[in-house]
Every structure is written in structure tokens, then in C-alpha cells.
Amino acid sequence: MAEKKIVILAGDGIGPEITAEAVRVLDAVASVSGVKFVYDPRDIGGCAIDKFGEPLTEATVAACKAADGVLLGAVGGPKWDNQPADKRPEKGLLGIRAAMGLYANLRPAVIYPELASASPLKSEVLSKGVDVMVVRELIGGIYFGPRGTTEDGAAYDTEIYSETEVRRIAKVAFDLAMKRRKKVTSVDKANVLVSSRLWRKVVTEVAQDYPEVTLGHLYVDNASMQLVRDPSQFDILLCPNMFGDILSDEASQITGSIGMLPSSSVGEGKAGLFEPIHGSAPDIAGKDIANPIATILAAAMMLDNMDMTNEAELVRKAVGDVIAAGYRTFDMGEGNRVGCKSMGELIARRVLAAN
Ligand code: NAD
């Protein structure tokens, strides 16, 4: 029987509740697929500070690097807000992304027809459907370039991209496009920025290896407008770090629901990091009311990354079926109200039923 090793970084706040439901769904996947998941629970963030005095230990980093996938809940909370900067929970998150060399951040934004009323966009704009994947470069560009202040009090940040950095993120986008609707829209500001002109040149070169994929280019200002004017026109939005940071938040708002959106970060090693886009929601922790769907969909992205695409689809279909059947956690609006655990059970049951 094939075995996959998965590190579970539940973290703080609602982290343990939502990851438990994702594990419940993975267990259901295991029993219908014949793959065995071996879980390795580790601490990250505030709980790691409490136990080890630091948000991320070397042993946890080593375990993540050796795994087939890493599933993360969320980190942080008021208890650790006054920690010194290098001992804050989010240092653990940044640390694990850097240690695993995760240079690509993938954020899907999908509209479920039954939840369309939660979107700030009009129904006629959403009628053609929304299924956008933002592929964001994560460890280069202006967030990592030289920065500082000058003697006369000015301040500067620097956008630097090498060809290698652009090529590897472009490949992630095109490979993904081949599994989706074969359309990449690359976002830049090539009319102003020299670094964007390099970005556009290298992305165009990479596209030549993918003749089936249609490539378009948009300036970031136009892209942000088009995203709310007609999101159905996009399949993959390929973005440098800062533009991707902004556009992925814009795309997530189109769906109107923070508890539903997963994210994955992949890079040099075989293992990626899979997590919900929301935080640790300390205001609702321990009440069994958090929405576990973002984390369950993050687990589905992990299955994709482990070449278990049929199983990933099974999970996504189970989520869609449960939503279509009217079940809602409190953040999802009116419907058949369920808690975190019941939502996980409903989804797991549908996965099992598909056998
Ligand atoms: P948050 O995302 O935790 O919560 C924002 C709001 O959304 C809250 O009202 C919360 O109850 C609600 N919410 C979030 N997830 C939900 C879910 N699954 N189901 C239902 N409702 C949900 O953001 P915040 O309040 O700004 O931050 C809380 C803590 O989380 C802070 O310590 C912050 O640093 C941390 N944080 C962590 C991450 C991460 O681990 N990736 C990301 C963002 C924030």
C-alpha cells in the first residue's frame, strides 16, 4: 500500500479544530483510495513558543522537509501579541516557508452558485462563474530587495527579479494551466518598470514550451479592474510578489467568504505547505463553530500536489454537494446550521459514499 507522510501543523486558535476536520476527510480519502496517510503532528506558532520557547524548531523544519505534504491550520493570538519581534507566532510561518524554499503561492477563488449572494459583485457579473487561480511569486521582488533610508530622510524599496526567479514561477503557472483551462494571464507594469519588462520577456519565452496554453499580458491596474468587471475571463493570473499579494486578496473578496478559501505554497522540494487563507480566529476558538472548509480544500490542494488529482476532485465535489444540500456554518449565511465538526463529518461521509 502506498504511504504518504503528512506533517500536521495545527497551530493556534481554531487551528486544531479545523485541521482535525481536514484529517477526518483525508481519512475518508484513504479508505476509498487505498493510500495510507501517516500523520506527524508538530507545533508551530504560539503553541510552539509555549512548549519550546520559539515558534518553529529545527526538528519541525526537518520533519516538514522530509514529508510528502504539510497541512497548516493558523498561528497567532492575543496571548502572544507582546512577544519580541523574533519570537512572534508568525515568525514560525515565515520561517517554514523560507526553510522549505516555497517560491510559488497558489490561491484559488471559486464561486459556489448557492453562496453567490455573499459576494459583493452583482449576480449578472457572476453568472458566467468564477474559477480563478492566482499564482504569486512568493520569495522575490520588492518585499525582498534592498531597502532602507537615506541621510536626508527618504526611504526606498527595490524590485529585483532574476530570469531564474521569473522562469521557475512561470513554469508553475503553465504546468497548472495544462491541468485547467489552458489560459495564463501574466500581470506586470511593463510600461513603467524595467523589472516588469524582464518579467514579460521571460514569461513569453516560457510560454513557447506550452503551445496549448494561451498567454495574455495585463498591466496590474487593468488586471485589478478586470477582476471585478468580469472575473470569468481569467483562468490563471500569474503575478510578481507584490501584485499577487494585492490581487489575491481582491480575488478572495469576490467569493465573499473567508472561511472557504485555501492556499498552497510550493517550491523546491516535493512537499508543499497547504493552509486556509484566514487566521487563527481567536474570537471563535474552542466553540465548534469555525468553518473547516478552507482547510479541507487546502487538503485537496495537497492531494493534487501528491498526484492524487482524482481524490482531490472527490473532496472538492463533496464540499460542493454539502453546500448544495444547504448546510452552512455560521459565517456562510442562512441555511441548515452546522458546527465545525458536523461540517467535517458531512464532507467525509460524502467522500466515503463515492466509493
Ligand atoms: P482572522 O482571519 O483570524 O479572523 C478574521 C475574522 O474572520 C474573525 O471574525 C474570525 O472569527 C473570522 N474567521 C476566520 N476564519 C474563520 C473560519 N474558518 N470560520 C469562521 N469565521 C472565521 O484574522 P485576524 O482576526 O486579523 O487575526 C487573528 C489572529 O490570526 C492574529 O493573531 C493574526 O496574527 C493571525 N493570523 C494568522 C494567519 C496565518 O496563520 N496564516 C493569517 C492571518 C492572521
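The values are calculated or read from the model by the stated rules, or taken from the named source; none is laboratory data. If you're wondering where the values come from, they're calculated on a predicted model, not measured in any experiment. Cβ sites come from the backbone with ideal geometry, for glycine too, and all protein chains shown count toward neighbours. Accessible surface areas use protein heavy atoms only, side chains included; no ligands, DNA or RNA. Shrake-Rupley method; radii C 1.70, N 1.55, O 1.52, S 1.80 Å.
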Exercise. Excluding same-chain residues fewer than 8 positions from Lys287, which aspartates and glutamates have a Cα within less than 18 Å of its Cα?
Worked result: Asp12, Glu17, Glu21, Asp331, Glu345
Problem set entry | Antiparallel bridge percentage (DSSP; both residues within the chain; nearest 5) | 35 percent
Seminar exercise, completed: If R0 = 25 Å, then Asp81 and Phe330, at their Cβ-Cβ distance, give a FRET efficiency to the nearest 0.05 of 0.50
For this session: Taking the Cβ of Ile284 as the centre, find all other residues whose Cβ is under 12 Å away and add up their charges (Lys, Arg: +1; Asp, Glu: -1).
Result: -3
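Counting residues in the chain as N, plug N into 2.2 N^0.38 Å and put the Cα Rg over that result.
0.99
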Exercise. Taking Rh as the Kirkwood radius, which is the inverse of the mean 1/r over Cα pairs, what is the Rg/Rh value for the stretch 134-265?
Worked result: 1.00
For this session: May I ask you to give the percent of accessible area on the chain that is carbon plus sulfur, with a probe radius of 1.4 Å?
Result: 53 percent
Seminar exercise, completed: Ordering 149-162, 320-333 by per-residue average of other C-beta atoms within 10 angstrom, highest first, gives 320-333, 149-162
Problem set entry | Relative packing of 132-142, 12-22, which averages over residues the other C-beta atoms within 10 Å, highest first | 12-22, 132-142
For this session: Could you check what % of the DSSP bridge pairs in the stretch 120-254 are antiparallel, to the nearest 5?
Result: 20 percent
Exercise. Lysines near Lys51 by alpha-carbon distance under 20 Å, same-chain residues fewer than 8 away left out - which ones?
Worked result: Lys79, Lys87, Lys91
Exercise. Helix by helix, which DSSP H runs in the chain go 15 Å or more along their axis at the Cα atoms and have an average Kyte-Doolittle hydropathy of -1.0 or more?
Worked result: 15-33, 89-99, 163-179, 194-207, 241-255, 293-305, 309-324, 340-353
Problem set entry | Burial ranking of peptide ranges 111-120, 303-312 (average Cβ count within 10 Å, highest at the top) | 303-312, 111-120
For this session: Kindly count the pairs of lysines across the stretch 120-254 whose alpha carbons are less than 18 Å apart, treating pairs on different chains or eight or more residues apart as eligible.
Result: 8
